[in-house]
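Just so you know, all these numbers are worked out from the coordinates, no wet-lab data involved. This structure is a prediction, so every number in the text was calculated from the model and none was measured. Reconstructed Cβ throughout: ideal geometry from the backbone, glycine too, with neighbour counts over all protein chains shown.
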Amino acid sequence: MRPGRFVAHYVPVEKILFFQDIYQTLKPVAILLSYDLMQQTENIELRWMQNLALDCGLTAIQAEKMLARLFGEFHLIAADTQTGLLALVGFRQCKRYC
């Protein structure tokens, strides 16, 4: 794996292998900064995302299609699950900033 930008929400089931490859590629003192789309835990979050998309200029139809893609094309996990996977592969400290 080459250093660069990676998007975890496109990685299907084997996210642990994805994070393990990243961990093994980084230098021992390196910092991994991950900014990713996470699984929503409440319906209010989905409405918030839809309203944000509308505020950014998407039409109502485009915003609905965006939400549909969340369940069809993306492989989302909860933020706590991602933190656990990062710790499992060897990252010593994991912090979430939401």
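Among the candidates Tyr35, Tyr23, the residue that is assigned to a helix (DSSP H, G or I) and within 17 Å of Val7 (Cα to Cα) is uniquely Tyr23. Note on the stretch 50-62: residues that are within 19 Å of the chain's Cα centre (by Cα) and surrounded by 15 or more Cβ atoms within 10 Å (Cβ to Cβ) amount to 2. Mind listing whichever residues of the stretch 50-87 are of a type in the set (A, V, I, L, M) and touching a His at 6+ places or on another chain (Cβ under 7 Å)? Residue satisfying the conditions is Leu76 alone. Would you pick out the residues in the stretch 74-98 that are among the hydrophobic types (A, V, I, L, M, F, W, C), part of a loop (DSSP other than H, G, I, E, B) and surrounded by 13 or more Cβ atoms within 10 Å (Cβ to Cβ)? Within the stretch 74-98, Phe74, Leu76, Ile77, Phe91, Cys94 qualify. Within the stretch 54-71, at least one residue is assigned to a helix (DSSP H, G or I), within 21 Å of Pro12 (Cα to Cα) and of a type in the set (Phe, Trp, Tyr).
On the stretch given as the stretch 15-49, residues that are closer than 22 Å to Leu70 by Cα, polar (S, T, N, Q) and surrounded by 13 or more Cβ atoms within 10 Å (Cβ to Cβ) total 3. Taking the numbered list (1) in contact (Cβ under 8 Å) with a residue 40 or more places away in the chain; (2) surrounded by 11 or more Cβ atoms within 10 Å (Cβ to Cβ) in turn, Pro12 passes all entries but (2).
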